[in-house]
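Asker: Please see the structure below; I have some questions.
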Amino acid sequence: MGGAFFLERKGGVFYEGTRPVPKPGPGDLLVKIQAFALNPADWKVQGVDFHLIKAYPTVVGADAAGDVEEVGEGVSGWEKGDRLCFEGIYGNDDRTAFQQYALVPAQFAIKIPTKLSYEEAFTLPVAYTTAAMGLLAPAPIGAGLVNEDFEPLSDYSSSSALVIGGAASYLGFKKIFTYASGHHTLYLKSLGATDIIDRKTVSIDQLPDAISKLTAGTGGDAPIKVVYNAVGSQETHDAGDKCLPDGQGQSIVTVMGRVETNFGRDSGKKLFAPVGIIQVPQYKDTGKRIVRVWRRG
């Protein structure tokens, strides 16, 4: 038996218990978890009807790092003791993070570089996959912005948002406007952000005007083509909407939030709500490509 934290019911509390150690099937790795993250998704699913969770009590947890304990049939390139990080999938208690042992498909596991600790590595899986899904996956999953000459605006209030800046910079985006605390300026610019709007001096209601001033003199072309709302609230969604002029091709990507849109019929705006859970069937193909890119560094 292995230890686990169970969520007793929707809106309930977590409690400590035990459950059987799962047996890896073909293509699986059994992982002895050394550390797991408290992802925003983990506290958000505590109070909502999340479609992947079918029964309670349940074990949740989106991000973890640990060691390979056992290698399943047909798996190559892994051996017992290898360090790895992975993301869990809600609704399958054998494959979530808040426990001592978990299963992960080898094709979605990432080896941890020697320079990273478990606690550093577990911050990466969902942050990376959510950012990548929202930017790169084709519609209706994401905005499908591969190699497009777009200039995004991101709210840097989550771990996914930090990865967004790096991904956007890697793809050659000319301008990356960020709305975050000013004392993070140097760090955010090191990740690829080009312009920082300090949320301590510019309120969320003032953000559209601030963006308008930064993008003045562009010859009339809409400089902002995509807003990545990493907070996921209605307030940040509405501000992002106002940052996007009407026209063809503008997109708002909202993470882990239920928002109402006020887009006009002819606005040309699109809303995407990606989930960085690459093990669900509709995301697996894109997820495999995302993991391959990650492994290449």
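The values are calculated or read from the model by the stated rules, or taken from the named source; none is laboratory data. Treat the numbers as computed from the prediction; the structure is a model and nothing was measured. All Cβ positions, even for glycine, are placed from backbone atoms using ideal geometry, and neighbour counts span all protein chains on display.
Asker: Report yes if LYS44 is touching a residue at least 60 places away in the same chain (Cβ under 8 Å) and assigned to a strand (DSSP E or B), otherwise no.
Answerer: no
Asker: Next question. Exactly one of these conditions fails for ALA37: (1) in contact with a strand residue (DSSP E or B) (Cβ under 9 Å, 6 or more places away or on another chain); (2) at pLDDT 95 or above. Give me its number.
Answerer: (2)
Asker: With respect to ILE33, determine if the residue is part of a strand (DSSP E or B) and hydrophobic (A, V, I, L, M, F, W, C).
Answerer: Yes: the conditions hold for ILE33.
Asker: Kindly evaluate LEU162 against the criterion of being within 16 Å of VAL231 (Cβ to Cβ) and either assigned to a loop (DSSP other than H, G, I, E, B) or at pLDDT below 55 (or both).
Answerer: Criteria met by LEU162.
Asker: Check whether at least one residue in region 49-57 is β-branched (Val, Ile, Thr), out of contact with any Gly (no Cβ under 8 Å at 6 or more places or on another chain) and surrounded by fewer than 23 Cβ atoms within 10 Å (Cβ to Cβ), and report yes or no. Steps first, answer last, please.
Answerer: Keep residues of region 49-57 that are β-branched (Val, Ile, Thr), which gives 53.
Next, from what is left, pick out any that are out of contact with any Gly (no Cβ under 8 Å at 6 or more places or on another chain): none.
Within region 49-57, not a single residue is β-branched (Val, Ile, Thr), out of contact with any Gly (no Cβ under 8 Å at 6 or more places or on another chain) and surrounded by fewer than 23 Cβ atoms within 10 Å (Cβ to Cβ).
Asker: Somewhere in region 197-208, is a residue at pLDDT 75 or above, loosely packed, with under 13 Cβ neighbours inside 10 Å, more than 17 Å from GLY144 (Cβ to Cβ) and in contact with a His (Cβ under 9 Å, 6 or more places away or on another chain)?
Answerer: Within region 197-208 (the criterion being at pLDDT 75 or above, loosely packed, with under 13 Cβ neighbours inside 10 Å, more than 17 Å from GLY144 (Cβ to Cβ) and in contact with a His (Cβ under 9 Å, 6 or more places away or on another chain)), the answer is yes, since at least one residue qualifies.
Asker: May I ask you to verify whether GLU79 is farther than 23 Å from ILE290 by Cβ and out of contact with any strand residue (DSSP E or B) (no Cβ under 6 Å at 6 or more places or on another chain)?
Answerer: yes
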